[in-house]
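See structure below.
The values are calculated or read from the model by the stated rules, or taken from the named source; none is laboratory data. Bear in mind that the values here come from a model prediction, so they are computed numbers and not experimental data. Cβ placement follows ideal geometry from the backbone for every residue including glycine, while neighbour counts extend to all protein chains displayed. Quick note on the areas: whole protein, heavy atoms, side chains included, nothing else; ligands and nucleic acids left out. Shrake-Rupley method; radii C 1.70, N 1.55, O 1.52, S 1.80 Å.
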Amino acid sequence: MLQKVLLIDVEELQRDNCNGSNQGFSQYPLGLMYLAAAVKAKFSSVDFKIFHTFTSTNPIEDLVELLHEFNPDIIGLRSLSVFKKDFQSIAILIREICPDKYIIAGGPYPSISYSEILKANLVDLICIGEGEETFQELFSHFQICDELPRDVPGTVVFVDNEVVVNQTRPLIADINSIPFPDYSLIDMERYKNSINQTFIRTKYASIFSTRGCPFQCFYCHKLFGKSIRRRSPENIVEEMKYLFDEKNIRDFLFLDDVFNVPLDKAKKVLSLISKSFDNIHIYFPNGLRADYIDKEFISLLEKCGCVQVTLAIESASSRLQEYIGKRLNLERAFENIDMISRKFITSVMYIVGFPSETLSEVEETISFAEKLKYVTQPV
């Protein structure tokens, strides 16, 4: 029976010598905080700890000490693909120190590269995509059996020298049912000097009001599916009120891929936020759909204390908009960005170097960016 679980978010282990991919940039290990909350909702006696390599100046030494002191029954790893070498180093270290413990992995890098990870014997099992229900089922199994399960939906295992991809687990339809992420497992003060997407230096909270995106941009992830699942406005405000009252949070970062799709439902969320709080700031660093904005939406953002927004254009070429699957209405997007950037700190994202892109199309995108007079940060 599992009693103690260590979850590790792996980032750059030697930031002083890093290649520029993550110099001082990080954010809360929100996925791990969600996983822990989901399991604790069913198994309240399980003791979780989260170790985020970013918050340590000596992550290897600190992790070794934590493994010896905490002596977890199981270890979970999460990482982005850009940190695959760091992930591999941590997994090998854990194997050496805890050879009799199961190692489970999840998140973007393991979900995509499960074959190479399992074949290298870095971990024992990988959870693909959304993990709350998969993790709960794994814990239910471990309460009655110490052996690693081979057939849990949403997992991949290595059996008899073969990578076995189990049945795909359906996405969680009612995301209101997902427990709020467990902030008790992190020290929020350790993130105040990190660079997050908004470049603020205050204690903040991250909010997912939706999961998924209905658009078919070919370069983007599909971890949350290609449709929108929304939390109710009441459920979102309930989480914000808890963070406001219990954690003294006044700055909220909405990390949705497309918060404002559909626009009418996004407006209902903002309307309730504006009625529920007087002195907060909200930010949208991950992205708003640029052609799904109107004056009423901007007015609601103002009422909610919005500070910063990010919008993604990618390319100003109508041909490439079709080619990459984004299909943005460029004329409307330009008008909306010009309008919203007069009100809030605005970042606009571009991509140069798409397959088949011509020099004239690159210049078209640069010209588009130059004409947006009030945009603070073209990226």
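What number comes out for accessible area per residue over the range 182-251 if the probe is 1.4 Å? Units Å², please. It would help to have the intermediate numbers written out before the result.
Numbers: 3340 Å² over 70 residues.
Per-residue value: 48 Å².
How would R78, R150 line up by accessible area, probe 1.4 Å, largest first? Could the numbers behind the result be given before it?
On the way: R78 70, R150 150 Å².
Greatest to least solvent exposure: R150, R78.
What number comes out for accessible area per residue over the range 262-379 if the probe is 1.4 Å? Units Å², please. If you can, show how the numbers build up before the last one.
On the way: 5710 Å² over 118 residues.
For the range 262-379, the per-residue accessible area is 48 Å².
Where does helix 359-371 land angle-wise versus the long Cα axis of the chain, in degrees 0 to 90, nearest 10?
For 359-371 against the chain, the angle is about 70 degrees.
Taking the alpha-carbon distance from K371 and a cut-off under 13 Å, which aspartates and glutamates remain once sequence neighbours fewer than 8 residues away in the same chain are dropped?
E331, E335, D338, E363
How much of the DSSP bridge set in the chain is antiparallel, in percent, rounded to the nearest 5?
On the way: 9 of 47 bridges.
Approximately 20 percent, going by the DSSP bridge assignments.
At a threshold of 8 angstrom on Cα-Cα distance, excluding pairs fewer than six apart, so keeping six or more, what relative contact order does the chain reach in percent? Mind showing how you got there, number by number?
Details: 650 pairs, mean separation 45.5, N = 379.
Relative contact order, the chain: 12 percent.
When the expected Rg is taken as 2.2 N^0.38 Å, what fraction or multiple of it is the alpha-carbon Rg of the range 277-319?
Details: Rg = 12.7 Å, N = 43, 2.2 N^0.38 = 9.2 Å.
Ratio of Rg to 2.2 N^0.38 Å for the range 277-319: 1.38.
Tally Lys/Arg at +1 and Asp/Glu at -1 over every other residue whose Cβ is under 15 Å from the Cβ of I249; what's the total?
Numbers: positive: K192, R201, K203, K241, K247, R250; negative: D182, D187, E189, E238, E239, D245, E246, D251, D278.
After counting each charged neighbour, the total is -3.
Taking the 0 to 90 degree range and rounding to the nearest ten, how far is the long axis of helix 59-70 tilted relative to the main principal axis of the chain, both from C-alpha atoms?
50
Quick one: net charge of I178's neighbours, Cβ under 11 Å, K/R +1, D/E -1?
Here the count lands on -2.
Using alpha carbons only, how many degrees (0 to 90, rounded to 10) separate the axis of helix 30-42 from the longest principal axis of the chain?
50
Counting only protein heavy atoms and a 1.4 Å probe, tell me what percentage of the chain's accessible area is made up of carbon and sulfur.
Values: 8490 of 17490 Å².
So the carbon and sulfur contribution to the accessible surface is 49 percent.
Taking 2.2 N^0.38 Å as the expected size of a compact globular protein, what ratio does the Cα radius of gyration of the range 1-139 give against it, to two decimals? The partial results should precede the final answer.
Values: Rg = 14.1 Å, N = 139, 2.2 N^0.38 = 14.3 Å.
In units of the globular-protein estimate, the range 1-139 measures up at 0.99.
Mind checking the log10 I(q)/I(0) for the range 131-284 at q = 0.14, 0.15, 0.16, 0.19 Å⁻¹? Debye, one equal scatterer per Cα, no solvent, two decimals.
-0.88, -0.97, -1.05, -1.24
Among P149, I172, I207, flag the residue with its Cα farthest along the positive direction of the charge dipole of the chain, charges on Cβ as +1 for Lys/Arg and -1 for Asp/Glu.
I207
If you split all Cα-Cα distances of the range 46-93 into 5 Å bins from zero, what percentages do you get per bin, shortest first?
The calculated distribution, bin by bin, is 4, 17, 32, 30, 13, 5, 0.
At 1.4 Å probe radius, can you tell me the per residue accessible area of the range 68-133 in Å²?
On the way: 2750 Å² over 66 residues.
It amounts to 42 Å² per residue over the range 68-133.
For the pair S44 and A173, how long in nm is the line joining their label points, each one 7 Å along Cα→Cβ?
Taking the simple label geometry, S44 and A173 are separated by 2.9 nm.
Can you pull the one-decimal nm distance between simple spin-label points at K84 and S360, each 7 Å off the Cα toward Cβ?
With each label placed 7 Å out from Cα toward Cβ, I get 3.8 nm.
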